[in-house]
Amino acid sequence: MDNNMRKDFFGPQGDTTWNRQRLLKTYTSFKHHEMDIRDRGGVARLIADLKPDAIIHTAAQPSHDLAASRPYDDFDVNAVGTLNLLEAARQGCPESPFVHMSTNKVYGDAPNRLNLVEKETRWDYADAEYAQGIRETFAIDNSMHSIFGASKVAGDVMVQEYGRYFQMPTCCLRGGCLTGPNHSGVELHGFLSYLIKCNLEGRTYRIFGYKGKQVRDNIHSLDVVRFMDQFIQHPRVGQVYNLGGGRSNSISIIEAFKLIEGISGKRMHYKYVDENRRGDHVCYISDLSKMREHYPEWDITKGLLTTFEEIRESWIDRTNTSR
Ligand SMILES: NC(=O)c1ccc[n+]([C@@H]2O[C@H](COP(=O)([O-])OP(=O)(O)OC[C@H]3O[C@@H](n4cnc5c(N)ncnc54)[C@H](O)[C@@H]3O)[C@@H](O)[C@H]2O)c1
């Protein structure tokens, strides 16, 4: 289900029609439903009719900035739309696993209050407790989330509640930096994809604060989907997982410059802006222990080097740029 609301949110650049057409052409069993998840009755009828074996809910208003200017639309899609899907699932297919894409922004800016150490090329957690990153038990309140983060919290908590209260097989995946060769990174979203594109095209990349030492853990889309598949095969009730690349796939901006320069042989051009983005995490690494413990068959299969190479190859193909 997708009503192409991304086009309404982001203008023609956000139009997802190309992807729908690609899917229809590539997979004969793929069916598209032009459905708005805010349409409570329509969603209920469709789910009752289809009785799907599993639901993966990724429809959202995904931008911090836009949420502040369209708070009703943001909440209606992210919170109420999620409730519509959950209730439709409870009525139509309560046994079917329900996977919800949440976000690590549910932790708000609280990760910035952790003790950090400044290393030569990155910030890192100072306390041993966070050696593997942030766990699912990290507090979600007493921090600033942005309007978007708050509507995602509402959806996240409701997905957990439909699990616990109604014993439905639901989970929230609190995603961080999800990326891969099909990512269309732009300056405000999708930093790795955008950074690699800048290197390829010799464009100037702007670093916003934190000395370029801010750290993110990156997960390849294939490993995201592999985890969803594991959950659907062996569902649990009302679970939450921090879905990221973990410490081994963590990298700072200046470390990412070095890595892409080594792959491409092209120098990275950048400009330092001495002001961080509001609420931007200084260091965010997901602790993957719970995912590994619950799903021992799952692990990260795509390391940073492979992910960088795949993104670069894809940009070369998509933009017809020379190597
Ligand atoms: N991309 C990331 O790095 C990232 C990180 C953390 C969490 N997430 C979460 O993953 C999910 C997917 O994110 P994305 O980056 O693919 O966003 P996206 O904007 O590319 O995809 C969302 C899709 O939902 C559709 N949609 C929006 N409103 C709708 C409505 N009312 N009815 C039906 N469809 C509607 C849009 O048309 C779009 O195709 C979101 O929940 C987002 O918060 C993404």
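The values are calculated or read from the model by the stated rules, or taken from the named source; none is laboratory data. These numbers were taken from a predicted model, which means no experiment stands behind them. Backbone-built Cβ (ideal geometry, glycine too); neighbour counts: all protein chains shown. Remember, those area values only see protein heavy atoms, side chains included, never the ligands or the DNA or RNA. Shrake-Rupley method; radii C 1.70, N 1.55, O 1.52, S 1.80 Å.
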>> Run through the stretch 68-171 and list the trypsin sites (Lys or Arg not before Pro) located in a DSSP loop whose Cβ has at most 16 other Cβ atoms within 10 Å.
In response: K119, R135
>> I'd like the carbon and sulfur percentage of the solvent accessible area for the chain, probe radius 1.4 Å, heavy atoms only, ligands and nucleic acids excluded.
In response: 51
> Given the rule -39500 (n - 2.57) for each run of at least 4 DSSP H residues, summed and divided by the residues of the chain, what is its mean residue ellipticity at 222 nm, to the nearest 500 deg cm²/dmol?
Replying inline: -12000 deg cm²/dmol
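What dipole magnitude, in Debye to the nearest 20, does the stretch 177-276 give about its Cα centre under +1 on Lys/Arg Cβ and -1 on Asp/Glu Cβ?
Using Cβ point charges on Lys, Arg, Asp and Glu, the stretch 177-276 gives about 200 debye.
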> Considering only L173, S146, V186, whose Cα is most displaced toward the positive end of the charge dipole of the chain, charges sitting on Cβ of Lys, Arg (+1) and Asp, Glu (-1)?
Replying inline: V186
> Looking only at H33, H281, H183, which one moves most when the chain is put into a Gaussian network model with springs between Cα atoms under 10 Å?
Replying inline: H33
> Taking only protein heavy atoms and a 1.4 Å probe, what accessible area per residue, in Å², does the chain have with all protein chains in place?
Replying inline: 49
> the chain: longest stretch without exposed chymotrypsin sites (Phe, Trp or Tyr not before Pro) (DSSP loop, at most 12 other Cβ within 10 Å), sites themselves excluded?
Replying inline: 31-323
> Say the dipole of the stretch 165-323 comes from +1 at the beta carbon of Lys and Arg and -1 at that of Asp and Glu; which of L305, V224, N320 then lies farthest toward its positive end?
Replying inline: N320
> Between D49 and D274, what is the label-to-label distance in nm when each label sits 7 Å out along the Cα-to-Cβ direction?
Replying inline: 6.1
> Placing +1 at every Lys and Arg Cβ and -1 at every Asp and Glu Cβ, with all other atoms neutral, what dipole size does the stretch 207-323 have around its Cα centre, in debye to the nearest 20?
Replying inline: 400
> Dipole magnitude of the chain about its Cα centre, charges +1 at Lys/Arg Cβ and -1 at Asp/Glu Cβ only, in debye to the nearest 20?
Replying inline: 660
> Do any of K7/K213; K25/K290; K258/K302; K7/K258; K119/K271 go past 27 Å between their Cα atoms, and which?
Replying inline: K7/K213; K25/K290; K7/K258
>> Could you give the length gained by full extension between R38 and E261, i.e. 0.36 nm per residue of separation minus their alpha carbon distance, to one decimal place?
In response: 75.8 nm
> Which of T121, V157, V240 sits farthest toward the positive end of the charge dipole of the chain, with +1 on the Cβ of Lys and Arg and -1 on the Cβ of Asp and Glu?
Replying inline: T121
> With each pseudo-label sitting 7 Å past Cα toward Cβ, what's the R164-N320 distance in nm, one decimal?
Replying inline: 5.6
